[in-house]
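The values are calculated or read from the model by the stated rules, or taken from the named source; none is laboratory data. All values derive from a computational prediction rather than experimental measurement. Cβ placement follows ideal geometry from the backbone for every residue including glycine, while neighbour counts extend to all protein chains displayed. Accessible surface is based on the protein model in full, side chains and every heavy atom, while ligands, DNA and RNA are left aside. Shrake-Rupley method; radii C 1.70, N 1.55, O 1.52, S 1.80 Å.
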Amino acid sequence: MKIALLLLLPLVLKAQQYDLIISNGKIFDGAGNPWFASDIAVRGDTIAAIGNLRDARATLRIDAHGLAVAPGFIDIHSHGRSGIFKVPTAENYLREGVTTIIEGPDGSSPVPLAPFFDKLAKTPISINFASFVGHGSIRAAVMGLVNRQATPEELEKMKALASQAMRDGAVGLSTGLFYVPGNYANTEEVIEIAKVVGAMGGFHESHMRDETDKIIDGVKETIRIGEEGHLPTQITHHKVIGKANWGASVETLKLVEEARARGVDVTIDQYPYTASSTGISALFPQWSLEGGNKAVVERLHAPDARAKIKAAIVYSIAEGRGGGDPKNIVIVSCGFDPSLAGKSLADLTPNVTIDKAAETAMALQEKGGCSAVYHAIDEGDIERIMRSPCTMIASDGDIPVFGKEAPHPRSYGTFARVLGVYVREKHILTLQDAIRRMSSMPAQRLKFQDRGLLRPGMKADIVVFDPATVADKATFEKPHQYSVGFQDVVVNGQPVLQDGQVTPARPGRILYGPAKQ
Ligand SMILES: [Zn+2]
């Protein structure tokens, strides 16, 4: 009797060997290959097998008949660092298939990073989380918000902070050369800091100095930082703002191709919307923003400065970010008056003219400023940039509290929108290529060698969705709408979305960069 049991034991163990099997799906492996029919099994946090697992046993079995099974999507540009503590499920991201977000973009991150990571590590979250270190935040820590070049001593301090952030686990250096105080740095300063980050295995991602009439210079500078800083470089949320500049992506993509041909590792990421989103201060001339908002308000009270600022804002509304009409600028949120969310600059300006709308923008900034959505991007540029083999998908979104404020719909819809509109409806990308640009491509950029592909041995971040129905629902008018079509989302082997329902599991981890100590 005892002997018989002992003999049977290995068979029983073998039959119950997996925690999860996703069966009968169309497997898109993330490398860009067409789907193949197979089952996929998970043990612990790892993909254990891919093949015919009809007779295998698992604690949980998900039927994916007729559905796509793909690696979890990696959002290489996210602003979720405050939202993740308010909404640790990051449900907006889960419901569009995102299993990892990368924070600290646009030159802005916590400095130092370690205390932030410590706090996050104590918070159970549903998705994985990584971060850049921001050049602007490093500069602010060393020099404040001043408009001048760094001294050699200051530059050394900035390099030391960048090095520390890499050891704390940053994936690379983000710059926001459009924003205060990154805009006060010359290219040489960024290159010197980039050299430190590159030597430690990191890469550079840039919100460029200009995305309007000087966009070509912005692209050249981003390439130069990679070329002279000896590190991979990425144009983030690549877009062309302002009607007069539409079509410039022909030239920007040519510059990227030429750089790659001579050996510069430059790539692009993009979100699929014809509007951007940032502070209302983006309408202001750069010189007027030095020293923070108190200094801005003082300038607005000095008649000469005010006249110059107003002229620049009028130009911005007419030719740049405003797309020629104050109704193209719509408030996301104003700290001093939540009721303004969703109203356009035209709504807020009686007998509106561009001139009067500029006055409104100045009044909003005087009260503390607002964030806004700007409708001034051309669909042609979006499609051209998307077709580039160098472009990955990233949201530039955040983790909104459901129903609060009037955020850009990209937070809820980016990845589902690419799959629904640009794959299924417009045929700009094939499904397998779109998935590649959401999974293995960002994983490769981030040096996440164990994610972004479906292979035995890789971490089990897996999404199951219906290519026939996947769609974004969030609009500029009604942004708080989850995407549809995702049935199951698995993070580190645990379902966080199961049969369309958010589960109590919080398996998300902090993913550290290559120099983490
Ligand atoms: Zn940005």
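When both segment 441-455 and segment 477-502 are represented by their alpha-carbon centers, they are found 21 Å apart.
Just want to confirm a number: the relative contact order over the chain, from Cα pairs under 8 angstrom separated by 6+ residues, in percent.
Working: 1287 pairs, mean separation 109.4, N = 517.
In percent, rounded to a whole number, it is 21.
What figure in square angstrom, to the nearest 10, would you give for the accessible area of Ser316 with a 1.4 Å probe? The value for Ser316 is about 20 Å².
State the percentage of accessible surface on segment 300-365 attributable to carbon and sulfur atoms; use a 1.4 Å probe and exclude ligands, DNA and RNA. Numbers along the way, then the final one.
Numbers: 1680 of 2970 Å².
Carbon and sulfur: 56 percent of the exposed surface of segment 300-365.
The Cα atoms of segment 291-355 give a gyration tensor whose axes a ≥ b ≥ c have a/c of 1.5 or more with a/b no greater than b/c, which makes the shape oblate. When cysteine pairs in the chain are screened for C-beta atoms closer than 4.7 angstrom, the residues that find no partner are Cys390.
Please report the carbon-and-sulfur percent of the accessible area for segment 186-262; probe 1.4 Å, protein heavy atoms only, DNA, RNA and ligands left out. Please report the intermediate quantities before stating the final value.
On the way: 1460 of 2820 Å².
Carbon with sulfur: 52 percent of the solvent-accessible area.
If you take the beta carbon distance between Phe85 and Asp55 as r and set R0 to 35 Å, what does 1/(1 + (r/R0)^6) give as a FRET efficiency, to the nearest 0.05? Can you show the working numbers first?
Details: r = 44 Å, r/R0 = 1.27.
For R0 = 35 Å, the calculated efficiency reads 0.20.
Under the simplified labelling scheme, the Glu156-Asp213 pair shows an inter-label distance of 4.3 nm, with each label point 7 Å from Cα along Cα→Cβ. Computed over neighbours whose Cβ is under 9 Å from that of Ala474, the net charge equals +3, Lys and Arg +1, Asp and Glu -1. With a sphere of radius 15 Å drawn around the Cβ of Lys308, what net charge do the other residues whose Cβ falls strictly inside it have (Lys, Arg +1; Asp, Glu -1)? My count for the surroundings of Lys308 gives -2. With a simple spin-label model that places each label point 7 Å from the Cα along the Cα-to-Cβ direction, the separation between Arg148 and Lys426 comes to 4.8 nm.
In square angstrom, what is the accessible area per residue of the chain with a 1.4 angstrom probe? Intermediate values should be presented prior to the final figure.
Details: 20060 Å² over 517 residues.
Averaged over the residues of the chain, the accessible area is 39 Å².
Can you give the net charge of the other residues whose Cβ lies under 13 Å from the Cβ of Arg209, counting K and R as +1 and D and E as -1? Before the final figure, lay out each step's value.
Values: positive: Lys214, Lys220, Arg224; negative: Asp106, Glu189, Asp210, Glu211, Asp213, Asp217, Glu221.
Neighbourhood net charge equals -4.
Calculated FRET efficiency, His301 and Glu257, Cβ-Cβ r, R0 56 Å, to nearest 0.05? Efficiency for this residue pair is about 0.70. When the helices of the chain are scored as -39500 (n - 2.57) per DSSP H run of n ≥ 4 and the total is divided over every residue, the value at 222 nm lands at -9500 deg cm²/dmol. Distance between the modelled labels on Glu188 and His65, one decimal in nanometres: 6.8 nm (7 Å Cα→Cβ projection). Which distance in Å, rounded to a whole number, links the C-alpha centroids of segment 298-315 and segment 77-93? Using only Cα atoms, the two centres lie 37 Å from each other.
A straight chain from Ala37 to Phe336 at 0.36 nm per residue would run longer than the Cα-Cα distance by 102.2 nm.
What is the percent carbon and sulfur in the accessible area of segment 13-157, measuring with a 1.4 Å probe over the protein chains and ignoring ligands?
Working: 2940 of 5560 Å².
The nonpolar share, carbon plus sulfur, comes to 53 percent.
Cβ-Cβ distance of Ala141 and Lys478, R₀ of 35 Å, FRET efficiency by 1/(1 + (r/R0)^6): the value works out to about 0.35. Our note on the geometry: Cα centres of segment 138-181 and segment 366-414, 26 Å apart.
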